[in-house]
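> One structure follows; several queries about it will come next.
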Amino acid sequence: MARISANNTRESDVISLLAALARAHQKFSLFDAELHRLAVSGLTAPQAKVIFCLGNTDGLPCSEITELTLITKGTLTGVIDRLETKGLVQRWSDGDDGRKIIVDLTRLGQRVFRREHPRYLAQMNSRLENFSTRDLKQAANLLDRIAGQF
């Protein structure tokens, strides 16, 4: 590794930040996937993410689900197909725009959401309980600023 000097200190700081972001992302992703798997037995992590995303809504278009869950459009179609087969979601075409598909939880899906989402949040809260509300807001703002650069 190159020696740190006045000329490359910023580069070193950027590399350190990128490494920290990668570590945090990897650890969070593994924990999140395992938590989804355990919280909602019988569902994959992407399926649980869709259930949690749709909870407390009157249904969402697929484009919004993709944006909120970070599940690609191609993958989302299969996820919704399998959730529909399990009786957890239903979908229909928007009346104003027949190309827009709306996905909503069925009654069974709503029960799964009401039972499992609080458990999921409790586990996440327990991991972050050592951070103040101010810390969490500052971290979210900083991460949003970083994301905005890309």
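> How much of the pair distance distribution for the chain lies past 26 Å, counting alpha-carbon pairs only, in percent?
41 percent
> List the aspartates and glutamates whose alpha-carbon lies under 20 Å from that of residue 73, not counting same-chain residues fewer than 8 positions away?
Here the aspartates and glutamates satisfying the reach criterion relative to residue 73 are 64, 81, 84, 94, 97, 104.
> Sticking with this structure for a sec: Springs between alpha-carbon atoms under 10 Å, Gaussian network over the chain: tell me which of 127, 119, 82 tops the mean-square fluctuations.
Checking each option, the largest mean-square fluctuation is seen for 127.
> Could you work out [θ]222 nm for the chain from helices alone, using -39500 (n - 2.57) per DSSP H run of at least four and dividing by all its residues? Round to the nearest 500 deg cm²/dmol.
Helix-only estimate at 222 nm: -22500 deg cm²/dmol.
> Would you please give the FRET efficiency between residue 14 and residue 126, computed as 1/(1 + (r/R0)^6) with r the Cβ-Cβ distance and R0 = 30 Å, to the nearest 0.05?
Efficiency, rounded to the nearest 0.05: 0.40.
> Counting alpha carbon pairs within less than 8 Å and at least 6 residues apart, what relative contact order, in whole percent, applies to the chain?
19 percent
Computed from the coordinates by the stated procedures, all read-outs in this text should not be read as laboratory data. Here the structure is a predicted model, which means the values were calculated and not measured. Counting neighbours? That spans all protein chains shown, and the Cβs are built from the backbone with ideal geometry, glycine included.
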